[in-house]
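Read through the structure below, which is laid out as structure tokens, and then see the notes.
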Amino acid sequence: MTRRRRAPFVAGNWKMNLGLREAADLSRKIVEARASVPEATLVLIPPYTALAAVAGAIAGSDVGLGAQDLYWEKQGAFTGEVSGPMLRDAGCGYVLVGHSERRQLFGETDETVGRKTRAALESGLTPIVCVGEVLEERDAGRALERIDAQLAKGLGGLSKGDLSCIVIAYEPVWAIGTGRTATPVQAEEVHAHIRQWIADSYGNEAAACAIILYGGSVKPANSYPLFRENDIDGFLVGGASLDAGGFIGIVGEALRAHREEK
Ligand code: PEP
């Protein structure tokens, strides 16, 4: 499929890390360094407790804010949960849905991912829907089959109208926090498959518009070759996003690949 490549989209998932002062400091450093990577889209995804501090630190910049999860109901007796409208109120434009840690540690299923994706879109948030196979599935040659199932349910039976520009993060579970990255060829195979799946389900326009991120031990040293692949539009970064130099280094290397393509 021919499409114009856009500049990298890079989101930092801070997971359950950083207190208020550290979160604000890191955000300020990223806002300062943002001038060196002006074309890229940057999104910071702190824990809920730091959303307000990060929103304050990035105010006036074009760095985006996201949350790590949401609940599908808007309000009510759901102790411990946070809804889409609440995240909008807190300044979020994005929300992760179905991160593998939510799936593996907190019982998230493809069905709940679908409900959350719909709830995010209804609240005006852009969901970053995470998919990815575990090592046994890859070794058994069932990675693409698993991704298809996650997409079918994770996009929650959305209609063409519901879906404009979706963000999908392909994160092979065996590469998250392990230091082991998918090779550019391995990642591109799945990214191209995801884009084709979107084309088959939602049409070529949706597929061309979709932003498909790679996640799994991304660092400055591997972002350049990964971003050179046709269907890798950016990254969802965990560990390396906790350091401003590492995060901006990843963006800078992807941008270098993007500029070379022009
Ligand atoms: C993630 O948690 O989404 C992730 C990709 O983590 P890491 O970069 O640390 O592998």
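Taking region 69-97 as the search range and keeping residues that are part of a helix (DSSP H, G or I) and out of contact with any helix residue (DSSP H, G or I) (no Cβ under 6 Å at 6 or more places or on another chain), which one is least open to solvent (accessible area, probe 1.4 Å)?
First, pick out the residues of region 69-97 that are part of a helix (DSSP H, G or I): 84-89.
Imposing the further condition that a residue be out of contact with any helix residue (DSSP H, G or I) (no Cβ under 6 Å at 6 or more places or on another chain) reduces the set to 85-89.
On the way: Pro85: 51, Met86: 98, Leu87: 2, Arg88: 117, Asp89: 142 Å².
Looking at the filtered set, the residue picked out is Leu87.
Regarding Glu32, is this residue out of contact with any Phe, Trp or Tyr (no Cβ under 8 Å at 6 or more places or on another chain), more than 16 Å from the ligand (Cβ to nearest atom), of a type outside the set (Ser, Thr, Tyr) and open to solvent by 40 Å² or more (accessible area, probe 1.4 Å)?
Numbers: out of contact with any Phe, Trp or Tyr (no Cβ under 8 Å at 6 or more places or on another chain): yes; more than 16 Å from the ligand (Cβ to nearest atom): yes; of a type outside the set (Ser, Thr, Tyr): yes; open to solvent by 40 Å² or more (accessible area, probe 1.4 Å): yes.
Yes.
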Considering residues that are touching a Pro at 6+ places or on another chain (Cβ under 8 Å), near the ligand (Cβ under 9 Å from one of its atoms) and assigned to a helix (DSSP H, G or I), the number found within region 208-262 is 1
Could you check, for region 55-68, whether at least one of its residues is open to solvent by 60 Å² or more (accessible area, probe 1.4 Å), within 18 Å of Ile128 (Cβ to Cβ) and outside any loop (DSSP other than H, G, I, E, B)?
-> no
Answer yes if at least one residue in region 22-30 is modelled with pLDDT of 95 or more and not in a helix (DSSP H, G or I), and no otherwise.
-> no
Within region 7-27, can one find any residue that is surrounded by fewer than 17 Cβ atoms within 10 Å (Cβ to Cβ), within 16 Å of the ligand (Cβ to nearest atom) and under 19 Å from the mean Cα position of the chain (by Cα)?
-> yes
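Within 15 Å of the ligand (Cβ to nearest atom) and either without any contact (Cβ under 8 Å) to a residue 60 or more places away in the chain or in a loop (DSSP other than H, G, I, E, B) (or both): which single residue out of Glu145, Glu133 fits that description? So that I can check it myself, show each step before the final result.
Values: Glu145 fails: within 15 Å of the ligand (Cβ to nearest atom).
Answer to the selection: Glu133.
What's the total number of residues in region 153-175 that are assigned to a loop (DSSP other than H, G, I, E, B) and either of a type in the set (Ser, Thr, Tyr) or farther than 12 Å from Val190 by Cβ (or both)? Give the steps one after another, and end with the answer.
Initially, region 153-175 is screened for residues assigned to a loop (DSSP other than H, G, I, E, B), giving 155-166, 171-172.
So of that shortlist, the ones also either of a type in the set (Ser, Thr, Tyr) or farther than 12 Å from Val190 by Cβ (or both) come out as 155-166.
Residues meeting the conditions: 12.
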Give region 31-54 a look and list any residue that's charged (D, E, K, R) and assigned to a helix (DSSP H, G or I), or say none.
-> Glu32, Arg34
Residues of region 162-217 that turn out to be of a type in the set (A, V, I, L, M), touching a residue at least 60 places away in the same chain (Cβ under 8 Å) and closer than 20 Å to Phe247 by Cβ, as a count = 5
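The values are calculated or read from the model by the stated rules, or taken from the named source; none is laboratory data. None of the values given here were measured: they were computed from a predicted structure. Neighbour counts run over all protein chains shown; Cβ positions are idealised from the backbone, glycine included. Surface accessibility is based on the protein's heavy atoms, side chains included, excluding ligands, DNA and RNA. Shrake-Rupley method; radii C 1.70, N 1.55, O 1.52, S 1.80 Å.
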